[in-house]
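Enquirer: Quick one: this structure, given as structure tokens, is what I'll be asking you about.
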Amino acid sequence: MAQCPHCMTEIHDDASICPSCGAMRGVWGHPIGNWLRAGNFMFGIAAFLVVLGIALGGWVSSGYATTWFDGLIAFLFLVPFMLLFAALGFALRSIIPRLPQHWYR
Ligand SMILES: [Zn+2]
């Protein structure tokens with residue numbers, strides 16, 4: 001059993017909210033679940049950018065004076081942003097659950 005540091009109530013180890021005072025367990029003031037959702041959101045943005053990059057590349061390469069290579073360049077232009085958001089999502093999902101959790105109220 002864990003103990004709430006605010007009201008000293010015994011709490012189930014899996015509980016993330018203190019039933020007697022409403023304190024919440026989390027990392028940097030937010031429950032783990034919020035961080036994981038934020039991580040999923042980052043993955044969503046990364047996936048969206050992949051689709052956007054393919055669409056942009058297709059659109060650019062279908063132009064009158066452009067080739068598939070121009071489309072590839074357009075796609076590559078978005079790759080750093082895809083990687084950035086994918087890395088953010090990965091970091092949130094892998095690092096946050098390992099950080100020490102605290103009780104917030
Ligand atoms: Zn409490």
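Since every read-out is calculated from the coordinates, none of them should be taken as a lab result. Since the model is a prediction, treat every value here as computed from it, not as a measurement. Positions of Cβ are generated from backbone atoms using ideal geometry, with glycine treated the same way; all protein chains shown enter the neighbour counts.
Enquirer: Can you compute 3J(HN,Hα) from phi for each residue in the stretch 30-42, using the Karplus curve 6.51 cos²θ - 1.76 cosθ + 1.60 with θ = phi - 60°, rounded to whole Hz and x for Gly and Pro?
Expert: Per residue, the Karplus-derived 3J(HN,Hα) values read 9, x, 3, x, 5, 5, 5, 5, 4, x, 4, 4, 4 Hz.
Enquirer: Add +1 for every Lys or Arg and -1 for every Asp or Glu among the other residues with Cβ under 15 Å from the Cβ of C21, and state the total.
Expert: +1
Enquirer: Tell me which chymotrypsin sites (Phe, Trp or Tyr not before Pro) from the stretch 1-56 have a DSSP coil assignment and no more than 11 other beta carbons within 10 Å of their own.
Expert: When the chymotrypsin sites (Phe, Trp or Tyr not before Pro) of the stretch 1-56 are filtered for loop state and at most 11 Cβ neighbours within 10 Å, W28 remain.
Enquirer: Would you compute, from DSSP H runs of 4+ residues alone, the mean residue ellipticity of the chain at 222 nm, taking -39500 (n - 2.57) per run and dividing by the full residue count, rounded to the nearest 500?
Expert: The per-residue figure over the chain is -20000 deg cm²/dmol.
Enquirer: Based on alpha-carbon centroids, what's the gap between the stretch 59-105 and the stretch 1-22 in Å, whole number please?
Expert: So the separation of the two Cα centres works out to 38 Å.
Enquirer: Distances over 24 Å make up what percent of all Cα-Cα pairs in the chain?
Expert: Beyond 24 Å sits 48 percent of the P(r) for the chain.
Enquirer: Averaging sequence separations of C-alpha pairs under 8 Å and six or more residues apart, then dividing by the length of the chain, give the relative contact order as a whole percent.
Expert: It rounds to 34 percent for the chain.
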